[in-house]
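Below is one structure, written out as structure tokens; comments come after it.
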Protein chains: 2
Amino acid sequence: MNIKPEQLKQFISDVLHSVGLTKENASIVGDSLVSANLRGVDSHGATRLPIYVKRLKSGAVTPNPEVQIAQESDATLLIDGNDGMGQIVGKRAIEIGVEKAKKHGAVYIGVKNSTHFGTGAFFIQQAIKHDVVAYAMSNAPSTMAPWGGLKPYFGTNPYAFGVPAGKNNPIIFDMATSVVARGKIISAEQRGEDIPEGWAIDSKGRPTTNAKEALEGSVLPFAGPKGYAISLMIDLMSGVLTGAGFGPHINNIYGDFDKPQNVGHFFQLVDVNTFMPAEQFKGRVDQMIDEIKSAPKGEGVEEIFLPGEIERNTEQARLESGISLGEEVYKTLKTVGEENGIDIENYQ
Amino acid sequence: MNIKPEQLKQFISDVLHSVGLTKENASIVGDSLVSANLRGVDSHGATRLPIYVKRLKSGAVTPNPEVQIAQESDATLLIDGNDGMGQIVGKRAIEIGVEKAKKHGAVYIGVKNSTHFGTGAFFIQQAIKHDVVAYAMSNAPSTMAPWGGLKPYFGTNPYAFGVPAGKNNPIIFDMATSVVARGKIISAEQRGEDIPEGWAIDSKGRPTTNAKEALEGSVLPFAGPKGYAISLMIDLMSGVLTGAGFGPHINNIYGDFDKPQNVGHFFQLVDVNTFMPAEQFKGRVDQMIDEIKSAPKGEGVEEIFLPGEIERNTEQARLESGISLGEEVYKTLKTVGEENGIDIENYQ
């Protein structure tokens, strides 16, 4: 099932509007999901719509949150997300943060009372237009054991950063701190496919290639103890420091329908002009990019990529070709549309 | 050769004082190196003294730098290290930064015109006493190829962070963004030992277990493309943003004796009180530590460790037992002492 990006965005927005979001808020979430699909990160794309709708309908998520500053200093912001969708809360947090960074040079932004925020890259793209260096991280419900442990404690806590460039495309990096994003295991399960060994352990701590068993067990941190430490760091900033939930004290997006998730995020913005004129900085970023792109390649390597470059190439291709939704995903979208009086067949 | 930590520190300080550092500056570097030895990070301990002395004597490093603020905003600092030793420059940068963080809530600190700063953990330990969350990173001379590349571009750019805790010990994480710190390969070469496969490639891009060939080739980033991206991020902050050298534009510590290294560092400090009272924050950190320490363990795992806990255990043990220097390291220390009229035999 192939669909044009603009049509997919309109469908998602219409469904979310039908369950109570303002058109503006619905459009923010539509943007985030379709942007993920375009960049090839299908695990964080339209496939998430049904669970988002379910949580909105259950009352666990505030459709149109009042995002407020709970506490602030010159260089820090604590934002209360009012249990809104993470995309809406995060986008507003970045707006407030960019203003502060332009006034005081830089800012650290903690967010509490939020929910799954989609991809970190979405906020990086928003922020770096303002000539800031940007970081986005979030905690998430427990799915990953601490290193040496058996039982999930941390989420797959994503970590993203980006910098603007000059003549080149910006550098945008976005990763899960698990070996792979849990969303990829969810996608595999939906497609009925196995997963590679090394991604996860089952509930008894045994290595597994069965996606369903993996989802009942624990995903593994990337790079062993180093990834465990980075995931822990993200939870310290996003959860412990902000007053949001942390570790197992974050409610499950696929359960706990009677209560808010209380996910926490942490953003960082630095106005590059406080270090050197933005044009000079972007010129130096360009120099680094050019040097890496023209560096000698290893055997069998056709091209050296910058972080985010493969995703950008995919985006260019899918803007042309459209977004191909798997049959399973299409079916769930059709269903969630119908349940809310919207027919996806009208969006072709 | 076993030596008491205090005696080793005195020896290092005396040697550095003999080549022009004030007693205070010499003592800072002594602290950093012995602290690394105590924590089991021997690659960043006393073994570095000979090269430090050589660079000081060549005039490439300023013995007593005038560390100055080159540029600042409320939330950012650009520090000019005057080509001083990284430990001295970094310690001063943290002092200035803590003051700013206490005034404005938080700070981002870029440092240019600096040199090898030892371990990041040294600065984390200094900073977190002031109830801040701290990050320390640095770029370094090219030893690591970009992912897919053949020729060194990035350094093994270290990344460290830490948070204060309450009744528990603080969490302090410090890693190289290579599979292992290059210092470990240097140590292996000094001991005439092989290295495990997967740590490095030779100058032709072939996997190697020969430490000497590895040092002539390229070390590999941890976690493949993810480690490559994190190393790149560190260089963007430490080098590109600060105006220091970056990528291959940083001079070699083991060569280039006629010019400063122009290493850059990047520190981040957040006063936890701007988010919640420090005692409350530390209580939440304690809760996370307690929950992880008591979590169910995987098969064959005796204990789950927090980042920095193994290093702290080693420190406790070595404070008792003393620091064991390998024969090769002892010999180089004896030589560098003698060349400067100081006999290590007097420090027992």
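Every number here is computed from the coordinates shown, using simple stated rules; none is lab data. The structure displayed is predicted, hence computed values, not measured ones. Quick reminder, even Gly has a Cβ in these numbers, built from the backbone with ideal geometry, and neighbours come from all protein chains shown.
Quick look at the values:
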{"read-out": "Directionally averaged shadow of the stretch A:102-144, computed from the convex hull of its alpha-carbon atoms, nm²", "value": "4.0 nm²"}
{"read-out": "Per-selection Rg to Rh, the protein assembly as shown - Cα, Kirkwood hydrodynamic radius", "value": "0.98"}
{"read-out": "Pairs of Cα atoms farther than 34 Å apart, chain B, %", "value": "24 percent"}
{"read-out": "Relative contact order (%) - chain B, alpha-carbon pairs under 8 angstrom, separation at least six", "value": "22 percent"}
{"read-out": "Reachable aspartates and glutamates, given that their alpha-carbon falls under 13 Å from the alpha-carbon of A:LYS212 and they are not under 8 places away in the same chain", "value": "A:GLU189, A:GLU193, A:ASP194, A:ASP202"}
{"read-out": "Net dipole in debye of the protein assembly as shown [+1 Lys, Arg Cβ; -1 Asp, Glu Cβ; about Cα centre; nearest 20]", "value": "420 debye"}
{"read-out": "Ranked A:SER187, B:SER27, B:SER114, A:SER324, criterion: other C-beta atoms within 10 Å, fewest first", "value": "A:SER324, B:SER27, A:SER187, B:SER114"}
{"read-out": "Of the trypsin sites (Lys or Arg not before Pro) in the stretch A:110-174, those whose Cβ has at most 15 other Cβ within 10 Å and which sit in DSSP loop", "value": "A:LYS129, A:LYS167"}
{"read-out": "Order of B:TYR108, B:TYR153, B:TYR228, A:TYR330 - criterion: other Cβ atoms within 10 Å of each residue's Cβ, fewest first", "value": "A:TYR330, B:TYR153, B:TYR228, B:TYR108"}
{"read-out": "Residue of A:THR115, A:THR156, A:THR22 that the Gaussian network model of chain A assigns the largest fluctuation, springs spanning Cα pairs under 10 Å", "value": "A:THR22"}
{"read-out": "Sum of side-chain charges, B:ASN262 neighbourhood, beta-carbon under 12 Å (Lys, Arg +1; Asp, Glu -1)", "value": "-1"}
{"read-out": "Gained length - A:ILE310 relative to A:HIS249, 0.36 nm times residue gap less alpha-carbon distance", "value": "18.4 nm"}
{"read-out": "Dipole axis of the protein assembly as shown (+1 Lys, Arg; -1 Asp, Glu on Cβ), positive-most option in B:ASN37, A:TYR52, B:HIS104", "value": "B:HIS104"}
{"read-out": "Rounded if a/c under 1.5, otherwise prolate or oblate - the stretch A:263-302, Cα gyration tensor axes", "value": "oblate"}
{"read-out": "Within chain B: Cβ-based charge dipole about Cα centre, in debye rounded to nearest 20 (Lys, Arg +1; Asp, Glu -1)", "value": "480 debye"}
{"read-out": "MRE, 222 nm, helices only [DSSP H, n ≥ 4, -39500 (n - 2.57), over chain A, to nearest 500]", "value": "-12000 deg cm²/dmol"}
{"read-out": "For the stretch A:1-90, size of Cβ-based charge dipole, Lys and Arg +1, Asp and Glu -1, in debye", "value": "540 debye"}
{"read-out": "Whichever lysines have a C-alpha closer than 17 Å to that of B:LYS102, once near sequence neighbours (fewer than 8 apart) are set aside", "value": "B:LYS91, B:LYS129"}
{"read-out": "Residue mean of other protein chain beta carbons inside 10 Å, B:303-311", "value": "3"}
{"read-out": "D (Stokes-Einstein, µm²/s), Kirkwood Cα radius, the stretch B:196-348, 0.692 mPa s at 37 °C", "value": "156 µm²/s"}
{"read-out": "Relative contact order computed over the stretch A:219-348 (Cα-Cα under 8 Å; 6+ residues apart), in percent", "value": "11 percent"}
{"read-out": "Value of relative contact order over the stretch A:24-81, rounded to a whole percent, pairs C-alpha under 8 Å and six or more apart", "value": "18 percent"}
{"read-out": "Nearby aspartates and glutamates by direct alpha-carbon distance to A:LYS103 (threshold 14 angstrom, same-chain neighbours under 8 apart not counted)", "value": "A:GLU72, A:ASP74, A:GLU95, A:ASP131, A:ASP271, B:GLU72, B:ASP74"}
{"read-out": "Neighbour-count order for A:HIS130, B:HIS265, A:HIS249, fewest beta carbons within 10 angstrom listed first", "value": "A:HIS249, A:HIS130, B:HIS265"}
{"read-out": "Cα centroid of the stretch A:182-215 to Cα centroid of the stretch B:305-347, whole Å", "value": "46 Å"}
{"read-out": "More than 19 Å apart - percent of Cα-Cα pairs taken over the stretch B:15-117", "value": "45 percent"}
{"read-out": "Antiparallel content of DSSP bridges confined to the stretch A:1-148, in %, to 5", "value": "40 percent"}
{"read-out": "Of B:LYS4/B:LYS100; B:LYS184/B:LYS259; A:LYS151/B:LYS151; A:LYS167/A:LYS297; B:LYS151/B:LYS331, pairs whose Cα-Cα distance is over 30 Å", "value": "B:LYS4/B:LYS100; A:LYS151/B:LYS151; B:LYS151/B:LYS331"}
